[in-house]
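The values are calculated or read from the model by the stated rules, or taken from the named source; none is laboratory data. Nothing here was measured: the structure is a model prediction, and the numbers come from that model. Note that we place each Cβ from the backbone using ideal geometry, even for glycine, and neighbour counts take in every protein chain shown. Ligands, DNA and RNA are stripped out before the accessible areas are found, and what is left, the full protein with its side chains, is counted by its heavy atoms. Shrake-Rupley method; radii C 1.70, N 1.55, O 1.52, S 1.80 Å.
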Amino acid sequence: MSHPVKLYIMKGSGPCRAIWMTAKALNIPIEIIDVDLFKGENKTPEFLKINPFHTVPTIDDNGFIIWESRAIMKYFANKYGGETPLYPKDAKKRALVDSRFDFDIGKFYPALKEYAYPQVFHNKPSTPEREKDMHDALDNLESLLNHSKYIAGDQMTLADISMFCTVSFLWMLKYDFVKYPKIHAWIEEMKKLPYYKETNQAFNDWMHKTLNKGQ
Ligand SMILES: N[C@@H](CCC(=O)N[C@@H](CS)C(=O)NCC(=O)O)C(=O)O
């Protein structure tokens, strides 16, 4: 008998939200196992046996274990998605989606990490160089959205979910997207997804708690 897919996640984390949103989008039966990084639950011998890299998200699909959110999202679509437009089978359409996934992990996320993490986690100001890299990545994203409603065409794909979860970390800085009207509109569109609220509640709660503390 097949069991629900076990998602080892910390609910507020970006990549964890991304795989949770994907599971919801594809109606995959799941069991959530909370892993609290602040309590070191990703470094216990039990968890290290599952994922020696000690990262979340990690999934266990009836004995098949894999980590790295983008690989998990693609696995979900390949295994459970059928003909889903979220990860099209057509080679060219899929290449576009993969290209956006790579832009997310290869350029946008590193710029965001350098720019935002020191401010959010260590209360350290940013530097002009980091700001420039962040703006450059945001300009790239805005230009994609100048050409189409979503980042890989006029239909939403898994790359939008992944990118949305990355970009939303900027809310922690009360980031003003006024310079980026297309990104702003796209964020508002993504928030309308029926599973947005449930899967992003913990992040939004954490953000409000953190921001209120700083006031
Ligand atoms: N590229 C990975 C990043 C995973 C990652 O770094 N997750 C963080 C939480 S957001 C984590 O588990 N950190 C704990 C650690 O690295 O020990 C993905 O997309 O899944």
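Annotations for the structure displayed:
- Residue order by solvent-accessible surface for Y75, Y87 is Y75, Y87, largest first, with ligands and nucleic acids left out and a 1.4 Å probe.
- Only helices enter the 222 nm calculation for the chain: every DSSP H run of n ≥ 4 contributes -39,500 (n - 2.57), and dividing by all residues gives -17000 deg cm²/dmol, rounded to 500.
- Placing +1 on each Lys and Arg Cβ and -1 on each Asp and Glu Cβ, with no other charges, gives the range 1-153 a dipole about its Cα centre of roughly 240 debye.
- Rounded to 0.05, the FRET efficiency of the Y117 and D205 pair, given R0 = 30 Å and the Cβ-Cβ distance, is 0.95.
- Largest to smallest accessible area among I19, I105 [probe 1.4 Å]: I105, I19
- Surface share of carbon and sulfur [accessible, 1.4 angstrom probe, percent] for the chain: 55
- A simple spin-label model places pseudo-atoms 7 Å from Cα toward Cβ; at N62 and K92 they are separated by 3.7 nm.
- Karplus (6.51, -1.76, 1.60) ³J(HN,Hα), θ = phi - 60°, over the range 180-192, in Hz, Gly and Pro reported as x: 10, x, 6, 5, 4, 5, 5, 4, 4, 5, 5, 5, 7
- Averaged over its residues, the chain has an accessible area of 53 Å² per residue, based on protein heavy atoms and a 1.4 Å probe.
- Take M190: with every protein chain present and a 1.4 Å probe, its accessible area is about 0 Å².
- Pairwise centroid distance, computed over Cα atoms, of the range 84-105 with the range 113-166, Å: 18
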